[in-house]
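The structure appears right after this line, and notes come after that.
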Amino acid sequence: MVGFFNYETAIEIEIEIETETETEGHTLSDKREKRTFDEINEKIRNGTVVVCTAEEILEMIDRDGEEAVFEAVDVVTTATFGPMCSSGAFLNFGHSDPPTRLEKLTLNKVEAYGGLAAVDTYIGATAESEDQGYEYGGAHVICDLIDGKEVVLEAISKGTDCYPGKKVKATVKLEDLNEAYLFNPRNAYQNYAAATNGSGKAVYTYMGTLLPNYGNVTYATAGALSPLLNDPELRTIGMGTRILVGGAVGYVSWNGTQCNTAPTRNTNGTPIGTGATLAVIGDLKEMDTKYISPAVFKAYGTSLNVGIGIPIPLLDREMLRFCAVRNEDIETNLIDYSVPHLSRPTVRKVNYAELQSGQIEINGKMVKTSPTTSMRKAREIADILKEKIQNGSFELQAPVKFFTQNQGVKRMANAEVLE
């Protein structure tokens, strides 16, 4: 029958169809088919919620089977900890007297952005020191603030009638700032290519130092523990999702930049190579440098190790199947980073069981692998999130907006590399 669309009618029809399906010779009516965020949060409040990490649930499935696990478990915790270059912090210093507009400024000799309101700034994690280069950068400033250290602010301005000050210097701590929050435009890559080097000389990259002649392999993400690999279709993660970031409660604020929701996928739904990303936000004043720390890559630059933990509610059996993904089921491309082009050759496909074993085969030779991600920290974050949910201090937040699907990533338009 054809007719106009009505949400209330659609909901009624959906319920009727489900009821009919369940009664047509099936015996599923006495088993739990779906959960809601509200139902899970009620269990968190009354202390009956059942939570496990993404690694623990694999052991449970092996022991008890998917049906029993779905009936028992409400939430799966996931986590990752590794360098995430597209990170930084918004800071507000308050006004000097006489007031000064911070048009050009540095923090501990690291440039911060002055193109905002008078005493607001954004400091990027990869900004480098004027006198120490990439050995000290924006990531270090952010973490020094979190650790309660003094940071030297130096700024200049042209001076105006309302902001007459032309030069200001101040020594500030995190407690002196009105606001200080981490805002990272691109974190938590769903998957990422592994890196190697087929040339005859070392190559220095954001994936670490790559030795010549396929001398080593580096890789990112926490494999089967990684957040977006446990929700490959982003069914439970979107704008407003409550997470842990840097050891504090934070939120997904938007999809990340270069968020690819139309990647090549494996038969289990996980992307091969890069995929979705998240923009995240959290209060710097609540963070802990155990879970957010500077990273320095030789002859490349500064980055910021960010710890992120995300709860995945088992809303239905499909979500359980997603969370049952194993390292051997997650593939990525091994890329030769010695080729100086955006499109680099793929040496081979590799899965995370191979990568995490410590060595893989390339051209008949066993080659050492190493992660840029800390699995120890990722597991610790997943355990902390699990404990917070169990003790009732962390409730789940359903997304207020889901991300656009089937959206790829564009290249720079009309670009000419001049040097």
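What follows is calculated from the coordinates using simple rules that are stated; it is not laboratory data. No experiment lies behind these values; they were computed from the predicted model shown. Glycine gets a Cβ as well: all are built from the backbone with ideal geometry, and neighbour counts include every protein chain shown.
Under the criterion of Cα pairs below 8 Å and six or more residues apart, the relative contact order for the range 237-393 equals 19 percent. Under a GNM of the chain (C-alpha, springs under 10 Å), which listed residue has the highest mean-square fluctuation: Leu355, Leu342, Leu234? Sorting by GNM fluctuation, first place goes to Leu342.
Among Asn406, Asn260, Asn191, the largest mean-square fluctuation in a Gaussian network model of the chain, built with springs joining Cα atoms closer than 10 Å, belongs to Asn406. In deg cm²/dmol, rounded to 500, what helix-only [θ] at 222 nm does the chain give when every DSSP H run of at least 4 residues adds -39500 (n - 2.57) and the total is split over its residues? Only helices count here, giving -5500 deg cm²/dmol. For the range 96-177, the Kirkwood radius over C-alpha pairs fed into Stokes-Einstein at 25 °C and 0.890 mPa s yields D = 190 µm² per second.
Each Lys and Arg Cβ is given +1 and each Asp and Glu Cβ -1; about its Cα centre, the chain then shows a dipole of about 1880 debye.
Estimated from the Cβ-Cβ distance and a Förster radius of 25 angstrom, the FRET efficiency linking Val417 and Glu130 is about 0.45. For the range 96-177, a simple Cβ point-charge model (Lys and Arg +1, Asp and Glu -1, everything else neutral) yields a dipole of about 340 debye relative to the Cα centre.
Computed over the range 135-231, the P(r) tail beyond 20 angstrom holds 66 percent of alpha carbon pairs. In this label model, Lys201 and Glu33 are separated by 6.5 nm, measuring between points 7 Å along each Cα→Cβ vector.
Lysines near Lys365 by alpha-carbon distance under 26 Å, same-chain residues fewer than 8 away left out - which ones? Candidates past the 8-residue exclusion: Lys201, Lys349. Evaluating 6.51 cos²θ - 1.76 cosθ + 1.60 at θ = phi - 60° for every residue in the range 281-290, the Karplus couplings come out as 9, x, 7, 4, 6, 10, 8, 9, 6, 5 Hz, glycine and proline recorded as x.
Using every pair of distinct Cα positions in the range 224-276, the Kirkwood expression returns a hydrodynamic radius of 12.1 angstrom. For the cross-link pairs Lys298/Lys377; Lys173/Lys388; Lys158/Lys401, the ones whose C-alpha atoms lie over 31 Å apart are Lys158/Lys401.
Considering only Cα-Cα distances, which of the following residue pairs are longer than 26 Å: Lys104/Lys290; Lys368/Lys410; Lys290/Lys386? The answer is Lys104/Lys290; Lys368/Lys410. Spin-label pair Phe402-Arg242: with each label point 7 Å from Cα along the Cα-Cβ axis, the two points sit 2.2 nm from one another. Averaging Cα coordinates gives a centre for the range 284-315 and one for the range 345-371; these two points are 25 Å apart. When Asp131, Asp383, Asp161 are arranged by Cβ crowding within 10 Å, least crowded first, meaning fewest neighbours, the order is Asp161, Asp131, Asp383.
For the range 29-109, a crude dipole built from +1 on the beta carbon of Lys and Arg and -1 on the beta carbon of Asp and Glu, taken about the Cα centre, is about 780 debye to the nearest 20. Put a dot 7 Å past the Cα of Val152, heading toward its Cβ, do the same for Arg326, and the two dots end up 5.7 nm apart. Compactness check for the chain: Cα Rg over 2.2 N^0.38 Å is 1.10.
I'd like the FRET efficiency for Arg63 and Ser357, computed as 1/(1 + (r/R0)^6) with the beta carbon distance as r and R0 of 22 Å, rounded to 0.05. It comes to 0.40.
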